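Enquirer: To start, I am sharing the structure in question, which I have written as structure tokens.
The values are calculated or read from the model by the stated rules, or taken from the named source; none is laboratory data. From a predicted model like this one, the values you see are computed outputs, not experimental measurements. Note that we place each Cβ from the backbone using ideal geometry, even for glycine, and neighbour counts take in every protein chain shown. Note: accessible area is taken over every heavy atom of the protein model, side chains too, but ligands, DNA and RNA are not part of it. Shrake-Rupley method; radii C 1.70, N 1.55, O 1.52, S 1.80 Å.
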Amino acid sequence: MTENWYQNAIFYELYVRAFRDSNGDGKGDLPGVIEKLDYLKDLGVDCIWLLPIYPSPLKDDGYDIADFMHIHPDFGTVEDFKRLMNEAHKRGMYVIADLVLNHCSDQHYWFQSALKDPMSKYKDYFVWSKTGKEYADTRVIFLDTEPSNWTYSPEVGEFYWHRFYASQPDLNYRNPALQEEMINIMRYWASLGLDGFRADAVPYLFEREGTNCENLPETHDFLKKIRAILDKEYPGRILLAEANQWPNDVREYFGDGDEFTMAFHFPLMPRIYMSMKKGDPAPIRWALENTPAIPDGCQWCTFLRNHDELTLEMVTEEERQWMWQQYAPDPKMKLNLGIRRRFAPLMDNDIQKMKQANAILFSLPGTPIIYYGDEIGMGDNIDLFDRNGVRTPMQWSAKAKNAGFSEGSTLYAPVIESPEYSPTRVNVEDQQKDPESMLNFMKHIVKLRKERPFLAGSRIQFIESTNAATLCVMREGNGRRMLAIHNLGESSAYVTLPERLNFKPQMELLTGTPVPADLKTYELAPHQSVWLE
Ligand code: GLC
């Protein structure tokens, strides 16, 4: 297998509005991202994923796109975008951005034209119904806010279809003209130097009566078509699927290596939290043992958190209730089928647990992605609406105004103020100086990981441990063997390795300490992980 850059890489998800404001208007922008590229490079990031940067009324934080071909004026210009591509590429980094195929904003002129003129060709860019009764087997995703996937339009006298907010009408993929428009949008951004796309909400492109309107064969056909175009016209660009589905359904999005290059591993994510809270490796093992093999050239993208709620769609009803009990004690922390909290608060702001969660993630197959701010353990603000509480300004410094995010006086969202997570306690500048900080741990683990491409590969062996609360995984390749032992429990664990493993590690990589030659039993503190090589 030839290794492609994204198969052994570190991704970083970045919300432009929240990262760095270069012009003092209180909103992060593309020139602000350029200012911080060296920070990302230093962290070891290979690829940045930019959340939507297109003109939008921002009712769904930019996922409601009003114009697919421009940059939102808050974020800068197309020139800034090109400059960002150049500056990132100069530093050997890649950049991908969202490709929102499923829907647009109701402010988009396609939808506005459809409302104003029933004869407009744009009417057929959307999905309409006289009764609003079709596709009754389709679940509602934003179930806290949307009663139905159909909304009545008084202008048209019909209902239109939407899988997300009513302000995000779904596009009609049965219309070849619409397909062509979306393909041209992809071409446009690729032509400006973008290295690929995180394709949003891909299971929902087509609807068909009698189905749940997810993962339909016609959806896969269209996705294969865009992959073929991308490969032909812009070879080497990647497509990363957001398909929040069970492993066997996600597997379909890789096709025969002719659909997506990468896909997020949604089922694994909540199970890392489950295992750590239960002190039981079984959930993580279940997720990996049920992960089908994927074609050469493909890769999973693994994560702990992202800009959305921590979704509990890929767990059983019982597990979901348990997760809510454990991780969302305050009802305000719940959203739809998930939990709208950040990583550090979910880990009780306990640095040992925060390090362990990453030590687990980085010891498993796939390409890890870091959500901005989680590398320093930023907090959240559950008083903000919807998912805004996990999208607050990046905390660069304790001393600078607005945590170093902006020199402006009115910010798009308040900086975190809670005593535990305020910039005086959590910021990049201080953590850079502290060898024990979360940030320096992340830098270290990123480096260890990238030096060992076999960790990103699919080969993994679970080792039975003498302690039931430990997860032991053997990873090997490039003539090396590395055993990660994770003590998931709240008490110390003693682990003796089976003789037949014939494993005599020399180094513990996370702390960089030599392992005594005669050591037979490893002692691990609660929530301690070791990487033995
Ligand atoms: C994806 C995005 C989410 C957005 C939704 C609708 O799930 O991650 O933020 O709200 O699509 O576009």
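Enquirer: How many angstrom separate the Cα center of region 477-519 from the Cα center of region 122-146?
Expert: Computed from Cα coordinates, the inter-centre distance equals 53 Å.
Enquirer: Just flag the GluC sites (Glu not before Pro) in region 177-215 sitting in loop per DSSP whose Cβ has no more than 13 other Cβ atoms within 10 Å.
Expert: The qualifying sites are Glu209.
Enquirer: Name the aspartates and glutamates eligible as straight-distance cross-link partners of Lys224: C-alpha to C-alpha under 17 Å, and not fewer than 8 places from it in the same chain.
Expert: Cross-link targets: Glu180, Glu181, Asp200, Glu214, Glu233, Glu242, Asp249, Glu252, Asp256, Asp258, Glu259, Asp296.
Enquirer: Of the accessible area of the chain, with the probe set at 1.4 angstrom, what percent is carbon plus sulfur?
Expert: 50
Enquirer: Same structure again: With all protein chains present and a 1.4 Å probe, how do Asp383, Asp280 order by accessible area, largest first?
Expert: Asp383, Asp280
Enquirer: Further, regarding this structure: Check cross-link reach from Lys520 to the lysines: straight Cα distance under 24 Å, and skip same-chain residues fewer than eight apart.
Expert: Cross-link targets: Lys504.
Enquirer: Between Asp124 and Asn248, what's the calculated FRET efficiency when r is the beta-carbon distance and R0 is 30 Å? Round to 0.05.
Expert: E between Asp124 and Asn248, to the nearest 0.05, is 0.30.
Enquirer: Ignoring everything except DSSP H segments at least 4 long, calculate the 222 nm mean residue ellipticity for the chain; use -39,500 (n - 2.57) per segment, divide by total residues, nearest 500.
Expert: Computed ellipticity for the chain at 222 nm equals -7500 deg cm²/dmol.
Enquirer: For region 490-504, what does the Karplus curve 6.51 cos²θ - 1.76 cosθ + 1.60, with θ = phi - 60°, yield as ³J(HN,Hα) per residue in whole Hz, taken in order and with x for Gly and Pro?
Expert: Once θ is set to phi - 60°, the couplings for region 490-504 become 8, 10, 4, 10, 10, 10, 10, 7, x, 3, 4, 5, 6, 10, 10 Hz.
Enquirer: Thr316 to Arg425: extension gain in nm, 0.36 nm per residue of separation minus the Cα-Cα distance?
Expert: Fully extending the segment from Thr316 to Arg425 adds 35.5 nm.
Enquirer: Something else: Can you compute the charge dipole magnitude of the chain about its Cα centre, using +1 on each Lys and Arg Cβ and -1 on each Asp and Glu Cβ, nothing else charged? Give it in debye, rounded to the nearest 20.
Expert: Approximately 1100 debye in magnitude.
Enquirer: Right, something else. Could you tell me which GluC sites (Glu not before Pro) in region 361-456 are loop residues by DSSP with no more than 10 other beta carbons within 10 angstrom of their beta carbon?
Expert: Glu436
Enquirer: To continue, here is another question. What is the dipole size for region 148-208, taken about its Cα centre, with +1 at each Lys and Arg Cβ and -1 at each Asp and Glu Cβ, in debye to the nearest 20?
Expert: 180
Enquirer: Can you check what the Kirkwood hydrodynamic radius comes to for the chain, Cα pairs only, in Å to one decimal?
Expert: Computed over Cα pairs of the chain, the Kirkwood hydrodynamic radius comes out at 24.1 Å.
Enquirer: Something else about it: Which of the lysines could a cross-linker span from Lys36 if the Cα-Cα distance has to be under 20 Å and same-chain partners fewer than 8 positions apart are dropped?
Expert: Excluding near neighbours in sequence, the set is Lys27, Lys82, Lys90, Lys399, Lys401, Lys433, Lys443, Lys447.
Enquirer: Multiplying the sequence separation of Thr513 and Ala282 by 0.36 nm and subtracting their Cα-Cα distance, what value in nm do you get?
Expert: So the extension gain works out to 80.2 nm.
Enquirer: Listed highest first by mean packing, meaning other Cβ atoms within 10 Å per residue, what order do 258-266, 522-530, 499-507, 462-470 come in?
Expert: Packing order, densest peptide first, comes out as 258-266, 522-530, 462-470, 499-507.
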